[in-house]
1. For region 121-142, how many residues are among the hydrophobic types (A, V, I, L, M, F, W, C), under 16 Å from the mean Cα position of the chain (by Cα) and more than 17 Å from residue 77 (Cα to Cα)?
2. Report, by residue number, each residue of region 70-97 that is over 18 Å from residue 8 (Cβ atoms), at pLDDT below 90 and either in contact with a helix residue (DSSP H, G or I) (Cβ under 8 Å, 6 or more places away or on another chain) or buried (at least 20 other Cβ atoms within 10 Å of the Cβ) (or both).
3. Working only within region 98-114, note down all residues that are of a type outside the set (D, E, K, R), buried (at least 18 other Cβ atoms within 10 Å of the Cβ) and part of a helix (DSSP H, G or I).
4. Taking the condition more than 18 Å from the chain's Cα centre (by Cα), within 26 Å of residue 31 (Cα to Cα) and without any contact (Cβ under 8 Å) to a residue 40 or more places away in the chain, does residue 96 pass?
5. Show the residue pairs meeting these rules: Cβ distance below 7 Å; 6+ apart or different chains; first residue within region 35-50 and free of Cβ contacts under 8 Å to residues at least 40 places away in the same chain and closer than 16 Å to residue 63 by Cα; second residue hydrophobic (A, V, I, L, M, F, W, C) and in a helix (DSSP H, G or I).
6. What tally of residues in region 123-139 results from selecting those that are at pLDDT 90 or above, crowded, with 18+ Cβ neighbours inside 10 Å and over 19 Å from residue 20 (Cα atoms)?
Amino acid sequence: MNRKNINANALISLAGELTVAICRQMSPLIIVLAGIALLASTFAIAFRDTSLLPVLTFSLKASFFYAFLPFWTHEMGHIVASSIFLPENPPKIESTLFRISVVTKQPKLARDAKIIACTGPFSAAFLAFPAFAMDSFGIGIACLAHLIFLFPPFGDGRILWQRH
């Protein structure tokens, strides 16, 4: 298998573009969680009561570890795999109100398309192992939940189960 070198600058650029797209899509959740964090910290300062500080830490943890990190890792898995299997055609990020997709040209080999489709869910699921090791079961479950994208209703699943 003769592969060209991966363009690191293109990967970094796509990672930044992906981060902005995910933050834009998650902005309602981020605003709600930031509001909860602001209320908890204001209450803690005003009443010198730290009982709501766990709410503050949970809202920050939830926005990053439960939502953003598995989502970002899933899509970056597709980007890295696309850069390996299709170095001459860099992937593009398409973002709509309800969906973010990494769009690539169709690889010549069906096997390459299936590998690219699998890398997203498996890279997010891989994050579950350190989460479970640190007794963060909620984060582990959120990461493992990305394996559901391997089933046909979803884009990754349609590619994976497609007959060639």
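1. Of the residues in that region, 3 qualify.
2. Of everything in region 70-97, those that are over 18 Å from residue 8 (Cβ atoms), at pLDDT below 90 and either in contact with a helix residue (DSSP H, G or I) (Cβ under 8 Å, 6 or more places away or on another chain) or buried (at least 20 other Cβ atoms within 10 Å of the Cβ) (or both) turn out to be 95, 97.
3. 113
4. In short, no.
5. 36/55; 37/56; 37/60; 40/53; 40/55; 40/56
6. Residues meeting the conditions: 4.
One line per residue, one yes/no per condition, for (1) over 19 Å from residue 84 (Cβ atoms); (2) among the aromatic types (Phe, Trp, Tyr):
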{"site": "109", "(1), (2)": "no, no"}
{"site": "116", "(1), (2)": "no, no"}
{"site": "136", "(1), (2)": "yes, no"}
{"site": "161", "(1), (2)": "yes, yes"}
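Conditions tested, residue by residue: (1) surrounded by 12 or more Cβ atoms within 10 Å (Cβ to Cβ); (2) more than 13 Å from the chain's Cα centre (by Cα).
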site: 13; (1), (2): yes, yes
site: 32; (1), (2): yes, yes
site: 40; (1), (2): yes, yes
site: 43; (1), (2): yes, yes
site: 47; (1), (2): no, yes
site: 58; (1), (2): yes, yes
site: 64; (1), (2): yes, no
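The values are calculated or read from the model by the stated rules, or taken from the named source; none is laboratory data. Values in this document were obtained by computation on a predicted structure and should not be read as measured data. Counting neighbours? That spans all protein chains shown, and the Cβs are built from the backbone with ideal geometry, glycine included.
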